[in-house]
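Below: the structure, in structure tokens.
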Amino acid sequence: MSAARRCRPPRALTGLFVWRLRNTSVPQIPCRFVHLYHMANKRLITFQYFNFLKRMYVTQCNKDLSQQAKPKTDSIVSPFHELQQLDQEKKSVHNISPVSPVHQLGSETSSRNELREMKSAAETEDSVIPVGAESKEDRQWKEMKLRLDDLPGILARLSKIKLTALVVSTTSTGFAMAPVPFELTCFLLASLGTGLASCAANSINQFFEVPFDSNMNRTKNRPLVRGQISPLLAVCFAASCGIPGIALLTLGVNPLTGALGAFNIFLYTCCYTPLKRMSIANTWVGAVVGAIPPMMGWTAATGSLDAGALLLGGILYSWQFPHFNALSWGLREDYSRGGYCMMSVTHPELCRRVALRHCLALIGLSAVAPVLDITTWTFPIVSLPINLYISYLGFRFYRDANRSSSRKLFFCSLWHLPMLLLVMFTCKKSVLENEDKGDLPRGSHETAMEIRLP
Amino acid sequence: PPAHSHSDWIGPPDKHSNLRPVIFYVPPEESALERRLREARQEAQASNQRFWAWHNRAFRQEKEEFIYSRLKAKGLEVRDESGQKATLNAEEMADFYKDFLSKNFKKHLQYNRDWYKRNFRITFLMGQVALVRALRWLRRRKKNVEQ
């Protein structure tokens with residue numbers, strides 16, 4: 001039988017015809033033909049499908065129709081199929097197959113009933129179907145079994161290992177900036193403990209946010225969203241990172257650092273994550289979360305929270321705002337649809353103002369550093385160019401409020417922080433110098449070297 | 001998913017809800033606890049699917065309406081000469097995003113509460129099932145050793 005395409009007058013909108021074929025390629029089972037009629041640019045086009053010629057015909061049709069009606073091979077299983085006809089945007093053709101129904105997008109109830117007919121017809125049919133047509137959808141179904149060789153990669157993504165590395169680097173900077181002789185073991189313990197705590201916090205955050213992450217483009221490939229790991233395993237991993245991490249900090253470093261670490265985990269998972277969906281105050285809480293790690297580094301070295309720790313925390317706190325506000329500017333649609341209360345969506349003016357305000361605050365805080373004897377006066381001078389640059393970008397963002405200025409500000413913030421911390425470290429006031437007030441600094445690098453001697 | 005498989009299978013994201021559907025494996029000797037877990041997961045999946053499919057559809061529809069009304073106000077047509085769909089830039093859309101978020105705020109609060117409760121319950125049940133299975137395995141090993 002010819003797989004002919006027939007054009008009908010544009011009266012009938014959508015219809016479905018099923019009939020038997022006498023001479024079939026499959027002996028016992030009658031081949032069922034499905035005819036689906038479409039309105040495509042005011043022309044009614046009929047498609048016929050043979051089971052065995054399905055793919056061939058589809059490609060032929062596609063060429064003729066110039067992409068107007070691509071057969072949609074959705075691999076959505078029965079629970080979800082009743083929602084298909086709600087999508088009016090694309091028009092496509094559906095095949096019957098018991099394993100993978102391809103759904104039609106078109107008009108309402110008539111096609112819905114017809115789909116039901118199709119489904120029941122398909123189910124009674126014996127599944128003698130060529131493998132080729134379904135393999136694409138089938139391949140997208142993944143077994144939910146944990147494979148041990150995938151596990152490190154999955155856990156790395158679960159714990160947001162890159163972000164954790166950044167957090168650990170801010171902690172080490174806090175440790176290094178403390179005006180005490182450098183101790184390697186303490187440094188390593190503090191870094192490891194903070195890293196473990198950060199992994200735990202990130203895992204719990206992902207555990208809480210599975211359906212929201214699936215709906216946002218930035219986060220839809222996370223392990224829990226993709227089902228690569230079960231929620232139970234994510235929680236166990238978080239516990240097995242968090243508990244040793246905090247224990248390491250409390251027992252191996254000092255209780256204050258451990259307390260700060262535990263508080264930070266609590267703040268991130270139990271305050272920031274739920275607050276994201278309730279109020280814009282989450283950004284400020286999140287900034288505190290980011291400010292605590294360098295303070296932890298400082299307290300790990302000195303054992304007390306003094307002005308230096310607060311200053312470092314303050315610098316990181318201020319940095320969070322241009323970083324996050326610029327990032328969130330481009331994600332407004334996803335945040336709005338996902339139900340996240342972010343300044344960029346609800347108070348865009350405030351969003352940009354706060355970003356600019358904190359860029360300027362960075363300049364001020366850098367100037368306070370020498371006053372507190374943390375760094376020499378070279379620090380605010382050397383850091384002035386980069387601080388001015390980020391403030392300039394912050395100002396552009398405030399004034400222009402468009403995607404390009406937000407991206408510029410965001411990418412600037414990514415290199416601004418490491419550079420600022422590096423400059424701060426090289427301008428650090430030597431411990432020996434502090435003890436011996438008479439000496440003048442011979443050079444920032446030399447002073448840095450002196451501190452490293454145990 | 002193949003019939004002989006003994007594990008759950010997860011599929012590609014659903015078109016409407018962006019959630020990935022899971023087909024749960026029902027073992028022949030499923031205990032009551034395991035059945036409760038499976039049913040809780042199925043129920044959560046169905047509820048999430050309902051919410052997000054509805055929500056995303058509402059978003060799309062309202063977005064279209066907004067674009068249409070704004071274009072009309074500006075005196076433009078929905079499609080310009082080349083047949084392309086006219087869109088508004090991000091600043092104009094910002095009003096819509098803000099509006100949509102505040103309109104659905106209460107709905108989201110309710111959904112959050114439900115989701116957190118379900119998530120905790122499912123994870124707790126998973127923990128119980130895992131514990132029971134581990135104990136059963138240990139007991140079996142002990143029996144084998146004794147024999």
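The values are calculated or read from the model by the stated rules, or taken from the named source; none is laboratory data. On a predicted model such as this, the values are computed, not experimentally measured, just so you know. Neighbour counts run over all protein chains shown; Cβ positions are idealised from the backbone, glycine included. What goes into the accessible areas is simple: the full protein's heavy atoms, side chains included, and nothing from ligands, DNA or RNA. Shrake-Rupley method; radii C 1.70, N 1.55, O 1.52, S 1.80 Å.
Listed here are the residues, each with its yes/no results for (1) modelled with pLDDT of 85 or more; (2) within 13 Å of chain A (Cβ to nearest Cβ); (3) open to solvent by 50 Å² or more (accessible area, probe 1.4 Å); (4) over 15 Å from the mean Cα position of the chain (by Cα).
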residue	(1), (2), (3), (4)
B:Ser5	no, yes, no, yes
B:Ala40	yes, yes, no, no
B:Ala46	yes, yes, no, no
B:Leu71	no, no, no, yes
B:Ser82	no, no, yes, yes
B:Thr87	no, yes, yes, yes
B:Tyr97	yes, yes, no, yes
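Among residues belonging to the range A:280-314 that are assigned to a loop (DSSP other than H, G, I, E, B) and away from chain B (no Cβ under 14 Å), point out the one that is modelled with the highest pLDDT.
By that ranking, first place goes to A:Ala281.
Considering only residues that are under 15 Å from A:Ser344 (Cα atoms) and more than 19 Å from the chain's Cα centre (by Cα), look in the range A:266-279 and name the one that is farthest from the other protein chains (Cβ to nearest Cβ).
We begin by selecting, within the range A:266-279, every residue under 15 Å from A:Ser344 (Cα atoms); these are A:276-279.
The next check asks that each one be more than 19 Å from the chain's Cα centre (by Cα); those that pass are A:278-279.
Values: A:Met278: 7, A:Ser279: 10 Å.
Here the answer is A:Ser279.
Residues being at pLDDT 90 or above and either of a type in the set (S, T, N, Q) or under 30 Å from A:Val371 (Cβ atoms) (or both): count how many of those fall in the range A:185-218.
13
Restricting to the range A:167-211, name every residue that is within 16 Å of the chain's Cα centre (by Cα) and of a type in the set (A, V, I, L, M).
The answer is A:Ala201, A:Ile204, A:Val210.
What tally of residues in the range A:409-422 results from selecting those that are buried (at least 19 other Cβ atoms within 10 Å of the Cβ) and not small (Gly, Ala, Ser)?
7
Among the residues of the range A:190-206, count how many are open to solvent by 10 Å² or more (accessible area, probe 1.4 Å) and within 14 Å of another protein chain (Cβ to nearest Cβ).
1
Mind listing whichever residues of the range B:19-38 are away from chain A (no Cβ under 13 Å) and open to solvent by 30 Å² or more (accessible area, probe 1.4 Å)?
The answer is B:Val26, B:Pro28, B:Glu29, B:Glu30, B:Ser31, B:Ala32, B:Leu33, B:Arg35, B:Arg36.
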